[in-house]
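Report on the following structure.
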Amino acid sequence: MTATLAIYDLDEVYANSLMKYINQKQNMPFKATAFTNKEALEEYLQDNHIDILLVDYNLYDEYLELEDVSKIIFLVEDDCQQFKDYSYIYKFQSSENIIRKILDYFAELNISKTGSIVKRNGTKIVGVYSPIKKPEQTVFAFTVGQVLAESGSTLYINMDEFTAFDKIYHQNYQGDLSDLMYYFKQNKDTVAIKLKAIVNTVNTLDYVPPLKYSRDLRTMETTKWIELLETIMATGMYENIVIDIGNVVEDITSLIEFCDKIYVPMENSYMYKMKVGEFEEFLLRSEALELIDKIEQVTPPIDLVDIEDDNFLERQLWSNLGDYSRQVVGGGGNR
């Protein structure tokens, strides 16, 4: 059953535009309805429950607290201290940011009404890992994600300690991987909601903003990472999940075992080959022969000359690396 979000604002253009924007978004856990006068809202409340009421703070009336409304959020024009004790959203910002904030409040409500999401057990987990973690690994993993997203819904998750994504995209992210893990540990039913609130999109690839403070998850057991991935898979939101495996993962072998495919970026250097070879020897000694069958060594053509360009990562989709990545995920071409 889908939850109900009501928007109550006298500005008809604003209320209806926000309602349409929300309802056009896919996989939202609620359906939006707009009200531009008090009488219409009161009439609706006589026979209906509202999960979240988004109301212009100038229209707030105490009688609303007595109605069948689970959560009231003020729409405010000034982000100031007078609202610090209330749930509120700054009114004049992008619709996307408003949705993110609503989803944050929705997750806190602990509402589990995501049954409308179709379960999909066929989600493919693609891992990218190298014993020598270098920036090139992330560039390749992110490009593979963008390529997969051309033909199916794809999520990219970076499990590295330092990624600088906030600096690359000049973003002050409203949530990151540690927030997602926090909600997962509190209640798995809120993961789909929180995921929608924090994901960002490049081209058609969704990505979870990486950790900002690595020690938050440094001691996390690998089984918890796998359980989080299984929970995301169970939402049916994504056909592919690309994991950029980094050093916050305690047991690399278990995570690789969970993946359907592992790409190991290579460089044409003696030291690089020796270290990767040592990693494969470790798997052999561990009798993890089935893991070796999942591993494919790749030599992606990566040029970091323009890495300071704000659009560097998304431009890779149309570069030599993008073409190479299409060959890799398509199973063809020389690698």
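The values are calculated or read from the model by the stated rules, or taken from the named source; none is laboratory data. Just so it is clear, the structure is predicted and the values come from calculations on it, not from any experiment. A quick note on method: Cβ atoms are made from the backbone with ideal geometry, for glycine too, and the neighbour counts reach across all protein chains shown.
Considering segment 232-244, the residues that are outside any loop (DSSP other than H, G, I, E, B) and over 13 Å from the mean Cα position of the chain (by Cα) include one that is surrounded by the fewest Cβ atoms within 10 Å (Cβ to Cβ), namely Ala234.
Here's the yes/no breakdown for (1) touching a Pro at 6+ places or on another chain (Cβ under 9 Å); (2) more than 20 Å from Tyr90 (Cβ to Cβ); (3) part of a strand (DSSP E or B):
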{"residue": "Leu10", "(1), (2), (3)": "no, no, no"}
{"residue": "Val13", "(1), (2), (3)": "no, no, no"}
{"residue": "Asn16", "(1), (2), (3)": "no, no, no"}
{"residue": "Ile22", "(1), (2), (3)": "no, no, no"}
{"residue": "Gln26", "(1), (2), (3)": "no, yes, no"}
{"residue": "Ala32", "(1), (2), (3)": "no, no, yes"}
{"residue": "Glu39", "(1), (2), (3)": "no, yes, no"}
{"residue": "Glu42", "(1), (2), (3)": "no, yes, no"}
{"residue": "Gln46", "(1), (2), (3)": "no, yes, no"}
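Of all the residues in segment 245-280, those that are farther than 23 Å from Val329 by Cα, without any contact (Cβ under 8 Å) to a residue 60 or more places away in the chain and in a loop (DSSP other than H, G, I, E, B) number 3. Filtering segment 134-160 to residues that are surrounded by fewer than 17 Cβ atoms within 10 Å (Cβ to Cβ) and not hydroxyl-bearing (Ser, Thr, Tyr) leaves Lys134, Pro135, Glu150, Gly152. The lone criterion from (1) touching a residue at least 60 places away in the same chain (Cβ under 8 Å); (2) not in a helix (DSSP H, G or I) left unmet by Thr4 is number (1). With respect to Gly277, determine if the residue is of a type in the set (Gly, Ala, Ser) and surrounded by 18 or more Cβ atoms within 10 Å (Cβ to Cβ). Taking the combined requirement at face value, the residue does not satisfy it. Take Asp68 and tell me if it is touching a residue at least 60 places away in the same chain (Cβ under 8 Å) and assigned by TED's automatic domain parsing to the domain that holds Ala15. No; evaluated as a whole, the condition is false for this residue.
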